[in-house]
Structure formats: C-alpha cells, structure tokens
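What follows is calculated from the coordinates using simple rules that are stated; it is not laboratory data. Predicted, not measured: the structure shown is a model, and the values here were computed from it. Note that we place each Cβ from the backbone using ideal geometry, even for glycine, and neighbour counts take in every protein chain shown.
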Amino acid sequence: MSDVVAMARIKAIFSRAAIKPRFDQILPNCPTKHRNKIMWRVQRKAWFDVSIDRAIYISAHNYIRHQLTDYEAWMNVRTLTRMEARIIESERVDDIFRSWHGEFLPEEHGFCALSVRDNS
C-alpha cells in the first residue's frame with residue numbers, strides 16, 4: 001500500500017437537463033449544429049473536481065480546436081507538437097468562443113489561454 005494519501009476527488013456526470021440551461025446561458029450564440037455535439041461531449045464524460053460551467057468551457061474549447069481550426073493539420077501534416085499547434089490556433093479558438101458567448105469573459109473563469117493550457 002502506498003504511503004501517499006490521495007485526496008478525495010468529486011466525480012460528476014452531468015445530465016443533458018442540467019447542461020442545457022447553463023450551455024444556453026454561457027454560449028447563447030453557438031450554432032445548433034455545434035451545440036448538440038458539445039453538449040453530448042459534456043454529458044458523456046465523467047468529470048472530476050469540475051463545475052458544470054467549467055466542463056462546458058473545456059468541452060467547447062476542445063471541440064472548436066479539433067473541429068473548427070487547423071489544429072490537427074498542424075500536428076499531422078506539419079509535425080508540430082501539440083503545444084505548438086495549440087499556440088498557433090489559440091487566437092482562432094478564443095475568437096470563435098467569444099463570438100458564441102457574445103460578451104467579454106473575465107479571466108476568473110479560466111478563459112484567457114484556456115485553449116492553450118487545458119490538457120485534453
């Protein structure tokens with residue numbers, strides 16, 4: 001047995017009924033074709049120590065980065081690292097997210113550079 005004592009982690013699985021009103025408030029301008037895919041990503045994952053709002057932010061940024069930018073091409077075709085590709089696409093990801101949100105997002109929400117810092 002390990003001498004390290006693990007801290008208790010809170011696991012959450014968010015229902016679509018819980019996600020939808022928060023999603024609509026956080027990303028009111030998100031196009032329907034993307035909205036359902038992002039909500040599904042939030043719903044299907046077991047989240048640890050993450051609020052429903054943070055889960056939406058993370059899922060939306062990941063979706064935007066992988067589906068709406070050249071992030072994958074930067075890594076696959078041009079053989080850049082994940083971090084290099086994230087840095088290149090971070091402004092585009094943030095611009096799309098802001099357009100879906102509709103107003104300035106304060107840094108306290110972890111928005112500024114989330115597209116570069118999160119680990120998914």
For 25-31, 11-17, ranked highest to lowest by mean beta-carbon neighbours within 10 Å, the order is 25-31, 11-17
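Given axes a ≥ b ≥ c from the Cα gyration tensor, I'd like to know whether the stretch 1-99 is rounded (a/c under 1.5), prolate (a/b larger than b/c) or oblate.
Taking the square roots of the gyration eigenvalues as a ≥ b ≥ c, the stretch 1-99 is oblate.
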